[in-house]
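Right, one structure below, let's go through it.
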Amino acid sequence: MTVGSVTAKRSAFLPFSPPLIGEEEIREVVDTLRSSWITTGPKTKRFESEFATYVEAPGALALNSCTAALHTALVTLGIGPGDEVITTPLTFAASVNVIEHVGAQPVLVDVEPDTLNIDPGEVEAAITLRTRVILPVHYAGHPVNLDPLRALADRHRLALVEDAAHAVSARYKGRLIGSGANPAAFSFYATKNLTTAEGGMLTGDPDFLARARVVSLHGMSRDAWKRYDKGGSWFYEVLLPGFKYNMTDIQAALGVCQLRKLEQFQHRRREVVSQYNRAFADEPALELPVTRPEVEHAWHLYVLRLRPEALTIDRDRFIQELAERNIGSSVHFIPIHLHPYYRDKYGFTPNTFPVAYDSYTRMLSLPLSAGLSDRDAGDVIEAVLDVVRSHRA
């Protein structure tokens, strides 16, 4: 990083969150391509088994996205028209779109000011006779406060479906996210801590997953591997109108390699987070992400919130200034109630969920990847602090 009279700018652009793919993944994918099976088959089954073991889950079902996992879970639970599903406005649209897909009504409630996770008190106030599911999102990799949500689900006989897209390797009170019998949906998108390019996993009770597996592949009683592998039978029946959500062995080949490296990846992410925290801790213009003592954060995202009173520029200009210094960043997320479809259908205004909206106007996500070098992290730090110095109120 060279520091000029106006900006500190690195020589090449630093992407927000590039994947970290090694020769092991390439060899495993090539091995799949050279085999007689490239779609859902032995490597997908292996990935399911090894992932379930890693997160200490009763079982796992590999799918083509976290969205597919969430949708499959709701369909398997029988959620449909007339039902309500309580979730957060501070999430990617997929978390709420799947509720619309099954014909149910999403009921949004505000988030906690520190973790930005769904507020259990707000959840309790939103429960009605039509409520069937609580769908929390482990925002940025910080687990939600699960105990009160589980208590509410038990008291009102509701299902608890966890959106764990950010939360692979995260722990709540010593237990890994996804280790429970209730459904939990994980994402292996290109920016995630573990990637299969596109892909997802649904964990939960084996009996539930057996039904979900049928939902996820056309409602068929047998998948292709069971029909076409040696000793398989051509015969199958369609038990219900399911979906085409299966993961391929090409994707799973990436997953089995990435899973072996996950602890190493997480260690590096925590090192980068520590560097950021030390550098920004005493800067009054910046509000740092929190980690409550009862959790182990997965650190999928590092979300800063600006303190507007300390700066002469807003969040959007701050992101622009980082880009001018060759630092990529993003915003997680534009709250659901600001998107035209949900805003217009349900009559939301920006301040319907004031904590989520206020945080959105101030937040930006910094580069965070296991592939970041110390020099990369230093460039990010210098760029952020240079923008602050250049625009301090």
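The values are calculated or read from the model by the stated rules, or taken from the named source; none is laboratory data. These numbers were taken from a predicted model, which means no experiment stands behind them. We place every Cβ from the backbone using ideal geometry, glycine too, and count neighbours over all the protein chains shown. All accessible areas refer to the heavy atoms of the entire protein, side chains included, with ligands and DNA or RNA removed. Shrake-Rupley method; radii C 1.70, N 1.55, O 1.52, S 1.80 Å.
For the stretch 14-131, the Cβ-based charge dipole about the Cα centre amounts to some 660 debye (Lys, Arg positive; Asp, Glu negative; other atoms uncharged). Amide H to amide H distances under 5 Å link SER179 with no residue, where only residues 5 or more positions off or on other chains count and H is placed in the peptide plane. Panel values: the stretch 128-218, Kirkwood radius from alpha carbon pairs, Stokes-Einstein at 4 °C and 1.567 mPa s, translational diffusion coefficient 93 µm²/s. Surface composition of the stretch 1-100: carbon and sulfur make up 59 percent of the accessible area, probe 1.4 Å. Ligands, DNA and RNA are left out, and with a 1.4 angstrom probe the accessible area of the chain is 41 Å² per residue.
When the accessible area of the stretch 131-227 is computed with all protein chains present and a 1.4 Å probe, what percentage of it is carbon and sulfur?
Details: 1520 of 3100 Å².
Reported share for carbon and sulfur atoms: 49 percent.
Using θ = phi - 60° in the Karplus curve 6.51 cos²θ - 1.76 cosθ + 1.60, the 3J(HN,Hα) couplings for the stretch 321-333 round to 5, 5, 4, 5, 9, 6, 10, x, 8, 8, 10, 10, 9 Hz; x is entered for Gly and Pro.
Under 5 Å between amide hydrogens, built in the peptide plane, is the criterion, and for LEU14 it picks out ILE327, GLY328 among residues at least 5 positions away or on other chains. Extension gain, PHE16 to ASN97, is 26.6 nm, computed as 0.36 nm per intervening residue step minus the present C-alpha separation.
Taking only protein heavy atoms and a 1.4 Å probe, the accessible area of the stretch 232-275 is 61% carbon and sulfur. For the chain, the longest principal axis of the Cα atoms and the long axis of helix 206-216 meet at an angle of about 90 degrees. Rounded to the nearest 20, the Cβ-based charge dipole of the stretch 103-182 about its Cα centre (Lys and Arg +1, Asp and Glu -1) stands at 420 debye. Close amide-amide hydrogen proximity is noted between GLU287 and ARG305, LEU306, ARG307, each under 5 Å apart and 5 or more residues distant or on a separate chain (H modeled in the peptide plane; Pro and chain starts excluded).
Counting every C-alpha pair in the chain, the share spaced more than 30 angstrom apart comes to 43%.
Here each label is just a point 7 Å from Cα along the line to Cβ, and for SER233 and ALA210 those points are 1.6 nm apart.
Between ILE26 and ARG375, residue separation times 0.36 nm minus the direct Cα-Cα distance comes to 123.0 nm. The long axis of helix 42-55 is offset from the longest Cα principal axis of the chain by roughly 60 degrees. Label sites at LEU240 and ASN277, each approximated as a point 7 angstrom past Cα along Cα to Cβ, lie 4.3 nm apart.
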